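The values are calculated or read from the model by the stated rules, or taken from the named source; none is laboratory data. Predicted model, so just to flag it, every value in this text is computed and none were measured. Please note: Cβ atoms are built from the backbone with ideal geometry, for glycine as well, and neighbour counts cover all protein chains shown. Protein only, heavy atoms only, side chains kept; ligands, DNA and RNA dropped before computing areas. Shrake-Rupley method; radii C 1.70, N 1.55, O 1.52, S 1.80 Å.
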Amino acid sequence: MRVVLLGPPGAGKGTQAQVIAEKLNVPAISTGDIFRANVSGQTELGQQAREYMDAGDLVPDEITVAMVKSRLAEPDAKAGFLLDGFPRTIAQAEQLRSSLADLGQELDGVLELVVDEDELVRRLSGRRMLVDGEMVQRDDDKPETVRHRLEVYREQTSPLSGFYESEGLLSRIDAIGAVEEVTERALAALGATDGAETGDSPAGDD
Ligand code: ADP
């Protein structure tokens, strides 16, 4: 299955991506994680991306699209993937569509995690992650940067919702509630509730 996970910063995309991908038996591909790994590994890509990330801006499309293309060409993504954090602009979405078409592939669905903005700000400013055994705040989770990232989302990424809706691919999921509840909603929207995701016919109980 080829799925895109859409949603504002703080909606829980990273958490859901891991769980849903495992259920679907496809790799979760997070552009944010790939960028962060490159920043800490001090690669050239990391150096290119860092200033944008720290400012809460999007990394330019040329850089991001090239990175995703090469990731999608890896063997584990042949049979499917769950993209987390990509596409984030209409241009990225169009490039994704044409890269997939070149491979004779297309998306099966797009899940949008919906959370209201007050809740997002609350979640992001309280969020910490484990680095070298210590709980630290991500550089781009500082309050000013959070506000800017939400603005960038509203302006550049939220139009993707209409883009995928018009293609008949979009499902909107209420992303408030326990992690497992949100996962259930997501799998149900994909028609991949437990038992069905292996490709077995959905006969039997539901
Ligand atoms: P969040 O969803 O919490 O904002 P991510 O981990 O997805 O965080 O992304 C962190 C940062 O990485 C973004 O603010 C941006 O600078 C960069 N980034 C991630 N994905 C993309 C993308 N598809 N296009 C451009 N920049 C991206």
| Looking at region 1-37, which of its residues are more than 10 Å from the ligand (Cβ to nearest atom), outside any helix (DSSP H, G or I), open to solvent by 10 Å² or more (accessible area, probe 1.4 Å) and not polar (S, T, N, Q)? | Met1, Arg2, Val26, Pro27, Ala28
| field | region 66-85 residues that are open to solvent by 50 Å² or more (accessible area, probe 1.4 Å), paired with ones that are outside any helix (DSSP H, G or I) and not acidic (Asp, Glu) (beta carbon under 8 Å, 6 or more apart) | value | Asp76/Pro27; Ala79/Val26
| message | Restricting to region 38-65, name every residue that is open to solvent by 20 Å² or more (accessible area, probe 1.4 Å) and either polar (S, T, N, Q) or away from the ligand (no atom under 11 Å from the Cβ) (or both). | response | Asn38, Ser40, Gly41, Gln42, Thr43, Glu44, Leu45, Gln47, Gln48
| message | Please determine whether any residue of region 77-94 is hydroxyl-bearing (Ser, Thr, Tyr) and closer than 20 Å to Ala17 by Cα. | response | yes
| task | Please indicate, with yes or no, whether at least one residue in region 91-112 is hydroxyl-bearing (Ser, Thr, Tyr) and in contact with a Ser or Thr (Cβ under 9 Å, 6 or more places away or on another chain). | result | no
| query | In region 95-109, what residues are touching a Pro at 6+ places or on another chain (Cβ under 8 Å) and under 21 Å from Ile20 (Cβ atoms)? | reply | Leu96
